[in-house]
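Here is the structure we will look at, set down as structure tokens.
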């Protein structure tokens, strides 16, 4: 009797498992004749519907894995066998680092006619002159988010987030370059500060932030704002936009010091076994129609100016979705640091999170 | 008398290789080799891109004694200790009740502990986050009952981490306790009360000593994995009270310093070995740990 109950329960649970298991693989529909494509992308950055559309159009089977920081991505790519991923979506400074480590393959622009939809100002970035290895996708800022129902204070700068009145109320990105960069900015220093004396000050300043931050989250920082667990913070600009749609009292603010900016790019790994499929994907994602589908779900700043033109006022008029040009002009990007400075950054991060 | 013929091997080597060989090979490949790899890596350096370079250094080990890290070890030990204590306090009465019930409910109670275990713990921990949040069910209930006026902040505290840990590890405590208590001979309890012992005295002088092996192995099975868990403190603790598991995770991910991560892992392994050794010294049975 005992055994029969057990057997029944085991088979029930297995059945339940096998049902839930189908979701991610979305197998069956597309034929596998056209080969595969392995995409490694940020969480909440690529809608499933767009991936399915590509599979339907091309017959290529796509596997999507996700990461939540550039460093996590790099560590994972290095620990996997060569060619485990075809496409990555690194941010600006990480593109430069991947190029420096000879981990990327040059792009064949013959196969990328849709590159013409990319705005001129987004082409030829400093981290990849001439777009030899990368095409720009989406970007944004580490913007300040405030729920005005819960915070009385008038917040205009990163420095305001260190105010003692915000104790235990903030959510910030779980990203050491973003948080340390923001703190340097709050002190009037560079986002990529390297001066050891100034960094000591930054380290002390971080201890003030420690009291205010209750949650470090890069995956879906909007959730804590929507649920009401956090009242303010520094999160991806498009996450603010998504939170604003749920809770009207949530606002986006671009700091007076100049915001931390990022821009993410599609690149092909050096050992990619599916180079042609990867380029097909790149061309597909630069098609304005497809990019619009992405923007409808994840409204980030977009390099595809033709897609942006079709999005209408609802997108381009919203400062959280389409950051104003003066905020972009004032902001700065993360740059690669020497390893001695990175060690200091890592120590500061440990102190903050211990 | 007729002699019974028995097959005998000419040498003992072949049978030994055939029977023990596969398991030994598996252990060599899956336990010993990675362990050696981790040890070697913990003495390696990194280049400017944080790639591992196989050149000897002991700098990773000297870093282990920085005050920040020591604070994190202390914190981890404390959290693991409190978790274990709470698990015993909740798990013991529970196991006692289910092990001593004669009715069919025993099976049901037992299953109540086991079934949640079949769902991935990560998902269950996210469930707790939703449940405990400001707009979660618990706060809604408390407010509708008039207990609270405003949502109580329950998430992202060290206490929440402990709650999640207790929730994750309680089956590891209940199962060995259940086994130990089930073996307890009821006649001993009768004898104790016949000889005039009050229930409290019976508990401390008969029941607890006789089930101590279960308590021991339960504690070891909760305490050790607790030290290495990192996602509970990330999700329920908000990521602001690091444990040694978080520290190790970070070296292999965002900090990209694998040799330091390897050295930290070695520390964790050494602590584990010391604990198991103490357990053995105190008379613990290795079999009841499932090893």
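We did not get these values from a lab; they are worked out from the coordinates using the rules stated. Only a predicted model underlies this, so the values are computations on that prediction, with no experimental measurement involved. Here the Cβ is made from the backbone with ideal geometry for all residues, glycine too, and neighbour counts use every protein chain on show.
Annotations
- For segment B:108-178: rounded, prolate or oblate by the Cα gyration tensor [a/c cutoff 1.5]: prolate
- Rounded if a/c under 1.5, otherwise prolate or oblate - segment A:135-279, Cα gyration tensor axes: oblate
- Value of relative contact order over segment B:61-289, rounded to a whole percent, pairs C-alpha under 8 Å and six or more apart: 27 percent
- FRET efficiency for residue B:66 and residue A:36, using Cβ-Cβ distance with R0 set to 35 Å, rounded to 0.05: 0.20
- Projected over all directions and averaged, the alpha-carbon convex hull of segment A:257-324 occupies 5.8 nm².
- Relative contact order computed over chain A (Cα-Cα under 8 Å; 6+ residues apart), in percent: 25 percent
- Separation of the residue B:212 and residue B:26 label points, Cα + 7 Å toward Cβ, nm: 3.5 nm
- Dividing the mean sequence gap of close Cα pairs (under 8 Å, 6+ apart) by how many residues segment A:223-320 holds gives a relative contact order of 29 percent.
- At R0 = 41 Å, FRET efficiency that the Cβ-Cβ distance of residue B:39 and residue A:154 yields, to 0.05: 0.15
- Taking the convex hull of Cα positions in segment A:33-190, its mean projected area over all directions (nm²): 12.8 nm²
- Between segment A:226-259 and segment A:116-167, the C-alpha centres lie 12 angstrom from each other.
- Label point of residue B:102 set 7 angstrom out along Cα-Cβ; within segment B:181-206, amide nitrogens under 19 Å from it belong to B:181-194.
- Debye-sum result for chain A in log10 I(q)/I(0), which assumes one identical scatterer on each alpha carbon, at q = 0.09, 0.14 Å⁻¹: -0.54, -1.18
- Taking max minus min of the alpha-carbon positions on each principal axis, segment B:61-289 gives extents of 64, 52, 29 Å, largest first.
- The protein assembly as shown - Debye-derived log10 I(q)/I(0), Cα point model, q = 0.11, 0.12 Å⁻¹: -1.26, -1.42
- Difference of contour (0.36 nm per residue) and Cα-Cα distance, residue A:65 to residue A:305: 83.7 nm
- Footprinting exposure proxy for B:54, B:61 (fewest neighbouring C-beta atoms within 10 Å first): B:54, B:61
- For segment B:144-179 versus segment A:180-195, the gap between their alpha-carbon centres in whole angstrom: 39 Å
- 222 nm mean residue ellipticity, helices alone, for chain B (DSSP H n ≥ 4; -39,500 (n - 2.57); rounded to 500): -20500 deg cm²/dmol
- Distance from segment B:17-77 to segment B:222-277 (C-alpha centre basis), Å: 13 Å
- Shown is the FRET efficiency for residue B:140 and residue B:13, computed with R0 = 60 Å from the Cβ-Cβ distance and rounded to the nearest 0.05: 0.30.
- For A:146, B:52, B:222, order by how many other beta-carbon atoms lie within 10 Å, fewest first: B:52, A:146, B:222
- With the helix formula -39500 (n - 2.57) applied to DSSP H stretches of n ≥ 4, chain A reaches a computed 222 nm mean residue ellipticity of -12500 deg cm²/dmol.
- Cα-Cα P(r), segment A:305-354, percent of pairs per 5 Å interval: 5, 15, 14, 12, 10, 10, 13, 9, 10, 1
- Counting every other Cβ atom within 10 Å of each residue's Cβ, B:279, B:229 order from fewest to most as B:279, B:229.
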